[in-house]
1. Of (i) 36, 28, 15; (ii) 29, 24, 16; (iii) 29, 21, 20, which one was derived for semi-axes √(5λ) of the Cα gyration tensor in Å from the structure shown?
2. May I ask for the longest run of the chain untouched by GluC sites (Glu not before Pro) that are loop-located per DSSP and have at most 15 neighbouring C-beta atoms (other than their own) within 10 Å?
3. Tell me the relative contact order for region 163-222 as a rounded percent, counting alpha carbon contacts under 8 Å between residues six or more apart.
4. How high is the relative contact order of the chain, in percent, with contacts defined as C-alpha pairs under 8 Å that are six or more residues apart?
5. Is any helix in the chain, taking whole DSSP H runs, at least 30 angstrom long along its axis by alpha carbon and on average at least -0.5 on the Kyte-Doolittle scale, and which ones?
6. For ASP129, ASP245, what's the largest-to-smallest order of accessible area, 1.4 Å probe?
7. Can you give me the relative contact order of region 1-124 as a percent, contacts being Cα pairs under 8 Å and 6 or more apart?
8. Mind checking the dipole of the chain: about its Cα centre, +1 per Lys or Arg Cβ, -1 per Asp or Glu Cβ, Debye to the nearest 20?
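The values are calculated or read from the model by the stated rules, or taken from the named source; none is laboratory data. Note that this is a predicted model, so its numbers are computed, not measured. All Cβ positions, glycine included, derive from the backbone under ideal geometry; neighbour counts span all protein chains shown. Ligands, DNA and RNA are stripped out before the accessible areas are found, and what is left, the full protein with its side chains, is counted by its heavy atoms. Shrake-Rupley method; radii C 1.70, N 1.55, O 1.52, S 1.80 Å.
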Amino acid sequence: MSEIEVIFYIEALGNDKKVLERALEETAKNLKDEKGVKIKYINVEDVLENEDEELLKYSGVIEAQLSGDLGNIVRLTLKYSPAVVEVLGPGKVEVESKTLMKILGEVSLFMGKLMQKFGGLAVYPKLDDLPEPRIGYSREEIEELIVEDRNILYRFVIEVFGESEEAIKTTMAKALTIEGCRINKLAVQGQEEDGQFKGLLAAELLSSFESLMQLTAKYAPVAISVLEPEIIDVTANELQNILTDLAGFVNELVTRPIKRQIMEKKNTEFKLSP
């Protein structure tokens with residue numbers, strides 16, 4: 001697999017300047033010691049103060065240029081959750097389906113652990129008014145979507161719960177469509193427990209590489225397999241987008257407690273205002 005060269009811009013916030021400076025230095029050291037990647041440079045910028053903020057008044061940035069294979073770049077993106085990822089090259093990488101499945105499994109495991117601690121990521125607007133999506137495609141249509149539209153055919157299984165088996169199937173079909181997927185097959189199995197249906201949803205889907213990665217991060221499937229094609233080509237722009245998205249998902253989860261504190265403080269100030 002081609003070696004991918006990227007720049008990470010890792011942002012950190014805090015309410016104590018010295019503590020934040022130490023945290024930035026420790027992060028830079030940990031990044032320098034990472035295995036499986038080559039570090040070209042790491043720059044730790046000076047910590048800045050924002051006088052308008054009270055809880056997180058200090059900020060700092062680490063800029064790091066590194067290179068490695070796709071698996072290691074994705075791993076470090078999840079671990080360090082940079083605010084921005086810039087892909088310098090190559091212009092396109094080719095990934096074997098088996099390698100991609102391994103990467104997807106690692107993304108699912110990592111995000112699943114975070115969601116157990118901080119809550120889920122998949123949130124949608126009201127789906128009732130959306131039309132029922134199409135389910136099922138001919139072999140000719142599937143081949144055209146793979147060859148012409150660069151779609152990936154894959155299966156994934158997630159845990160689901162809701163009012164009923166049929167309600168879950170209807171809702172998830174619409175949700176998967178919103179995520180940019182075409183649904184070839186969809187099935188739900190499970191049973192009712194304490195007045196709520198719980199089970200597994202299995203789907204055979206067609207989507208872009210970006211949608212596949214986003215879906216894996218949002219749902220942390222218990223199983224996933226890439227069926228076709230055997231070699232997936234990914235452009236630098238697609239890779240840059242998904243790496244930034246993955247880091248954003250991690251940041252969304254781990255900063256929820258702090259965001260909650262900020263909102264509670266603002267609500268308290270509002271209530272105390274004359």
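1. Of the listed options (i) 36, 28, 15; (ii) 29, 24, 16; (iii) 29, 21, 20, (i) comes from this structure.
2. Numbers: sites that count: GLU3, GLU45, GLU51, GLU53, GLU54, GLU148, GLU163, GLU230.
For GluC sites (Glu not before Pro) (loop position, at most 15 other Cβ atoms within 10 Å), the longest site-free span of the chain is 55-147.
3. Working: 66 pairs, mean separation 19.4, N = 60.
Relative contact order of region 163-222: 32 percent.
4. Values: 479 pairs, mean separation 62.9, N = 274.
The normalised contact order for the chain reaches 23 percent.
5. Values: long enough: 97-118 (31 Å, 0.43).
Helix filter hits for the chain: 97-118.
6. On the way: ASP129 140, ASP245 50 Å².
Descending order: ASP129, ASP245.
7. Details: 181 pairs, mean separation 45.1, N = 124.
Computed over region 1-124, the figure is 36 percent.
8. Working: 33 positive and 49 negative charges, 158 e Å.
About 760 debye.
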